[in-house]
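The values are calculated or read from the model by the stated rules, or taken from the named source; none is laboratory data. All values reported here derive from a predicted model rather than from experimental measurement. FYI the Cβ positions are ideal-geometry reconstructions off the backbone, even for glycines, and counts take in every protein chain you see.
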Amino acid sequence: MTRFPLRLCSLGAALALLLSACAPEADTVPAATLGQAKTVGIISAIGDKFSSITTTFENQPAERYGIDAYAIGLVKDRLAGRYSVQPVKYDVVEFGPDRAELPDTGLFTPGDPLGAVIRAHASPSDLDLYIVLMKGMTKVENGNRALHGLGLIRGGDLFTTKYWVHATYSVIVVDGHTGEVLANNSAIDNAHPFDLLDPPDLPGPFVAVDASFWPEDIEHVPADKMERLAETLKPLLARTLPDTMRAMKLAP
C-alpha cells in the first residue's frame, strides 16, 4: 500500500477546503418568512428578447416563444401544495434591468427599487411574496464581453470556434408588504459546478451547441433558428430553476 506523507495529505485537505470556501453560497429566504407566507406571485421578465453575442451584441424580440410563461410554470410547479400561487399581471418592460433595480450588481444603471416597481406595475401588488426572474449580466473573457439574459454566444481561439446557449438570469424574492428584497441569487447550474482549478466554459447556466445554431446575420435571425434556440433554452431552465430554488430554500 502506498503511504503519502502526512504533510502532503494535510496540504491536499487544506486545498480542498480552500476551494470549497471559494464556491459562492446561495442567498436564502429566512425560514420564518417562508413559514408565514401564504400567497405568492411569480413574475418572469427573461424571455422577451434573445441575444446573439460575438464581438458585438444584438437582441431579437422573442415574446412569441413563450419562455416567460414556461418559466412561471416551472416555478409554480415547485411551489404547489405549499403556497397559494396567484396569477400576476405585469408589463415585462418595467422589469428590465434599466427600469427595475437588479440587486447587488454594478453592471447596470440602477433602476427603481424592485419592491416599488411591483407596487406600481404589478397586479395584485399586495401578495405575501413575489418571486421575480430578471435578466442578469456577467462578464466573460476578462471583462471584454458580457452575457446578458438568454441567448447564444460564439467564442473560442485562433484554432477553434465554440457555441453556447446560455441562460443568464437571477431569482429574486421580494416581500410584498414591505418591498424588501429577501434573497437574490444568480441562476445555479449544477451540471457545471464551480471549480477554481477547472472552471466551466461560461459562468452561469449554459449548454454547448454546434455551428448550425448560429445565424448568418445576427441582426436578422430566421424564425427557425429562434425557435430552435427557444427549444434549447426550455430544458436549460427546467434544469437550473429547480436547482436555484432549492438552494434558496424555496423548494424541497
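Taking helices (runs of 4 or more DSSP H) as the structural unit, those lying wholly within the range 22-133 and holding at least 3 residues that are in contact with a Lys or Arg (Cβ under 9 Å, 6 or more places away or on another chain) correspond to 67-79. All but one of (1) over 30 Å from G35 (Cβ atoms); (2) within 15 Å of the chain's Cα centre (by Cα); (3) not hydrophobic (A, V, I, L, M, F, W, C) hold for T244, so report the exception by its number. T244 satisfies every listed condition except (1). Count of the range 195-252 residues, restricted to those that are surrounded by fewer than 18 Cβ atoms within 10 Å (Cβ to Cβ) and part of a loop (DSSP other than H, G, I, E, B), is 18. The condition of being modelled with pLDDT of 95 or more and among the small types (G, A, S) holds for only one of G35, G106, G66, G81, that being G66.
Within the range 147-160, at least one residue is in a loop (DSSP other than H, G, I, E, B), at pLDDT below 85 and surrounded by fewer than 20 Cβ atoms within 10 Å (Cβ to Cβ).
Within the range 153-204, which residues are over 17 Å from V132 (Cβ atoms), among the polar types (S, T, N, Q) and touching a residue at least 60 places away in the same chain (Cβ under 8 Å)? Hits for the range 153-204: nothing passes.
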